[in-house]
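Data first, discussion second: the structure below is written as structure tokens.
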Amino acid sequence: MNLLSPGEEEDFTVRFWGTRGTRMMAGEQFRKYGWNTICVEVRCGNRLVILDAGSGIDDLGKQLATNCNAGEFDLFLTHAHYDHVLGIPFFAPLYNAGCKLNIWAGKLTGSTDTRNVMDRLMVEPFFPVSIETFRADIRYRDIRDNEVIDLGDGISVHTIPLDHPGRATGYKIEFGGRSFALITDTSHTPGQLNEGLVEFLRGVDAFAYDCSYVDAEFDEYPGFGHSTWEEAVRLRKASGAERALGLHHMPFKNDAAVDQIVSRIALLDDATSAATEGMVLKL
Ligand SMILES: [Zn+2]
Ligand SMILES: [Zn+2]
């Protein structure tokens, strides 16, 4: 996608189209942290990389559908739970013959490959049309854990397996000496920092992290595969990452509740805050 004017080629921009976890919400009390489930747009120069296809991808898709004539883009899925793929059937570029994209996913429990996952997502009785109705030029790509994918144009995508029921993949995108990581959905072991993840995040400019809970409520959700705000702080400090942003905001936490957590977390670490729907980071 080439939506940038000359001189902006080296921009590295991250835009959050959805930060909600588990399911979409509605109502004014959820406006700030957002109604839509996870979708992150990453612009590296004139290239577009999308992370996850939650409901937030719908608005991004409307914008792209009218600008699909230039180039190819990439969509990486952390995993195939509904909150991360529910925007796929409604993602306009998939039905546009002028669009060309790679859809990447990996190690999804119960599936053979990315194409198979898409096939099973778009099937009766859940959805009226199959992936055969897509008009875009789509390549389904399978990734492995701990892989470094060279996307060309100086962009590399690193992968790491996450601790989540049915598995999930974390991503780090490097471009022009800068980096951004998305680490969701994942859990942690209290009192035991994930050294592999600390290394993965070492020195990144920013990472978005699964902050579904706070430490005090972590034990109430055993085996749910999510993490906490305090763990984001610990990872941020241990890795030397410049900035951590909590996301996967739970449906039972309205804006007032998240605001309260964010102000308390700021006392522990002023480099950890929250991702909100519509937020743009320039790295
Ligand atoms: Zn999720
Ligand atoms: Zn999940």
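Step through the residues of the range 254-268 one at a time and calculate ³J(HN,Hα) from phi using the Karplus curve (6.51 cos²θ - 1.76 cosθ + 1.60, θ = phi - 60°), rounding each to whole Hz and writing x for Gly and Pro. Whole-Hz 3J(HN,Hα) from phi for the range 254-268: 7, 4, 4, 5, 5, 3, 4, 5, 4, 5, 5, 5, 4, 6, 7.
Whole-Hz Karplus values for the range 197-203 come out as 6, 4, 5, 4, 8, 3, x Hz, taken residue by residue from phi with 6.51 cos²θ - 1.76 cosθ + 1.60 and θ = phi - 60°; glycine and proline positions read x.
The alpha carbon centroids of the range 24-55 and the range 171-247 are separated by 18 Å. In nm², what is the average projected area of the convex hull enclosing the Cα atoms of the range 172-283? Seen from a random direction, the Cα hull of the range 172-283 projects 6.9 nm² on average.
When the listed pairs Lys32/Lys253; Lys100/Lys282; Lys62/Lys107; Lys32/Lys282 are checked against a 22 Å cut-off, the alpha-carbon distance exceeds it for Lys100/Lys282; Lys62/Lys107. Sorting 272-281, 42-51 by their mean Cβ neighbour count within 10 Å, with the most densely packed peptide first, gives 42-51, 272-281. Note on the chain: Kirkwood hydrodynamic radius from all Cα pairs is 18.9 Å, rounded to one decimal.
Near the amide H of Ser227, within less than 5 Å, lie the amide hydrogens of Thr186, Ser212, Tyr213, all on another chain or at least 5 residues away, with H placed in the peptide plane. Packing around the peptides 168-177, 52-61, taken as the average count of other Cβ atoms within 10 Å per residue, puts them in this order, highest first: 52-61, 168-177. For the set Trp104, Trp17, solvent exposure ranked by accessible area (probe 1.4 Å, protein chains only) runs largest to smallest as Trp17, Trp104.
Taking the Cα centre of the range 110-162 as origin and assigning +1 to Lys and Arg Cβ atoms and -1 to Asp and Glu Cβ atoms, the resulting dipole is close to 100 debye. Legend: Rg and Dmax of the range 129-229, from Cα coordinates, 16.3, 49 Å.
Converting phi to 3J(HN,Hα) with the Karplus coefficients 6.51, -1.76 and 1.60 and the offset θ = phi - 60°, the range 179-187 yields 8, 9, 10, 10, 10, 7, 8, 7, 10 Hz in sequence order, with x at every glycine or proline.
The values are calculated or read from the model by the stated rules, or taken from the named source; none is laboratory data. Every value quoted in this text rests on a predicted model; they were computed, and no experiment measured them. Quick reminder, even Gly has a Cβ in these numbers, built from the backbone with ideal geometry, and neighbours come from all protein chains shown. These area figures cover heavy atoms from the full protein model, side chains too; ligands, DNA and RNA do not enter into them. Shrake-Rupley method; radii C 1.70, N 1.55, O 1.52, S 1.80 Å.
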